[in-house]
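See structure below.
The values are calculated or read from the model by the stated rules, or taken from the named source; none is laboratory data. Since the model is a prediction, treat every value here as computed from it, not as a measurement. Glycine also receives a Cβ, built like all others from the backbone with ideal geometry; neighbour counts cover every protein chain displayed. Heads up: the accessible areas ignore ligands, DNA and RNA and are worked out on the full protein's heavy atoms, side chains in. Shrake-Rupley method; radii C 1.70, N 1.55, O 1.52, S 1.80 Å.
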Amino acid sequence: MPRTKKAFLKIRHQSKRKIIDASLKLFAVNGYHQTSIRQIAEAANISNGLLYNYFDGKEALLHEILNDATKKIMESFDPNNDGILTKEEFLYFIDQTICNIQINKSYWRLYSSLMLQPNIFAIVLYNFEKHNNSMNKMLLEFFQKQGSKNPKGEVFLFQTILKGAMIQYVSMPNKYPINYLKETLINHYKKSPFWT
């Protein structure tokens with residue numbers, strides 16, 4: 001019995017997801033340059049040729065992984081897509097970002113390793129630039145609205161804390177007290193002198 005179009009699309013989506021998941025794990029453990037298309041195909045349990053039916057190569061896979069992650073980040077940063085960050089959304093973003101780091105360790109391990117590879121990090125920046133600019137603008141406006149004396153510095157501090165937590169957690173997930181950090185960070189901003 002021939003497959004329906006819906007069944008075909010479902011199989012295609014599942015195969016693509018297997019390739020993305022396999023490449024994410026291999027990139028995170030072995031590194032981007034050390035991972036070959038053959039290794040990804042083997043881990044996804046498909047042929048090299050079939051992999052190329054879905055992706056042009058490793059860079060296309062990396063773009064896909066980064067695009068997926070960016071969408072998740074933006075969904076928790078501005079859930080109603082109005083371009084304005086409220087106090088509730090800001091606190092929700094902290095909570096969801098820490099949860100995302102805990103759930104998606106492979107992705108954040110990959111991201112932290114890419115930060116140390118300038119030629120590959122250019123791909124990361126390309127993917128994040130548009131969203132990062134939007135996030136920075138909203139954070140800056142948010143801290144200005146809250147009455148911060150140095151809103152630009154507050155944006156850098158906030159991002160540094162989250163990135164530092166991510167790097168520490170993926171380096172030693174069983175030892176780093178990430179839930180304590182989340183609670184402390186949320187309480188810090190709730191009690192902050194510029195919080196109105």
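List of remarks:
- Taking the criterion of being closer than 16 Å to LEU66 by Cα and in a helix (DSSP H, G or I), the residues of the stretch 23-48 that qualify are SER23, LEU24, LYS25, LEU26, PHE27, ALA28.
- Residues located in the stretch 162-196, provided they are in contact (Cβ under 8 Å) with a residue 12 or more places away in the chain, open to solvent by 80 Å² or more (accessible area, probe 1.4 Å) and of a type in the set (D, E, K, R): LYS190
- Listed by first and then second residue, the pairs with beta-carbon distance under 8 Å, at least 6 apart or on different chains, first residue in the stretch 66-79 and over 17 Å from ASP95 (Cβ atoms), second aliphatic (A, V, I, L, M), are LEU66/ILE123; LEU66/VAL124; ASP68/ILE20.
- Here LEU85, LEU61 are screened, and the one residue that is over 27 Å from GLN39 (Cβ atoms) and of a type outside the set (Asp, Glu) is LEU85.
- Where THR70 falls short, out of the listed (1) farther than 20 Å from ASN100 by Cα; (2) part of a helix (DSSP H, G or I): (1)
- Close pairs (6 angstrom Cβ cut-off, 6 or more residues apart or separate chains): under 17 Å from LYS16 (Cβ atoms) in the stretch 31-42, buried (at least 19 other Cβ atoms within 10 Å of the Cβ) and among the small types (Gly, Ala, Ser) anywhere: ILE40/ALA22; ILE40/SER23
- The sole residue among GLN159, GLN102 that is open to solvent by less than 90 Å² (accessible area, probe 1.4 Å), polar (S, T, N, Q), in contact with a helix residue (DSSP H, G or I) (Cβ under 7 Å, 6 or more places away or on another chain) and within 30 Å of LYS58 (Cβ to Cβ) is GLN102.
- Scanning the stretch 132-155 for residues that are closer than 17 Å to LYS191 by Cβ and out of contact with any helix residue (DSSP H, G or I) (no Cβ under 7 Å at 6 or more places or on another chain) yields GLN146, GLY147, LYS149.
- Residue match in the stretch 52-61 (condition: open to solvent by 60 Å² or more (accessible area, probe 1.4 Å), out of contact with any strand residue (DSSP E or B) (no Cβ under 8 Å at 6 or more places or on another chain) and not acidic (Asp, Glu)): yes
- Every pair of residues 6+ apart whose Cβ atoms lie under 7 Å, when the first sits in the stretch 111-139 and is over 15 Å from MET74 (Cβ atoms) while the second is open to solvent by 60 Å² or more (accessible area, probe 1.4 Å) and modelled with pLDDT of 80 or more: SER112/ILE167; ILE123/GLU59
- Selection of the stretch 11-31 for residues being open to solvent by 30 Å² or more (accessible area, probe 1.4 Å) and either of a type in the set (S, T, N, Q) or modelled with pLDDT under 80 (or both) yields ILE11, ARG12, GLN14, ASN30.
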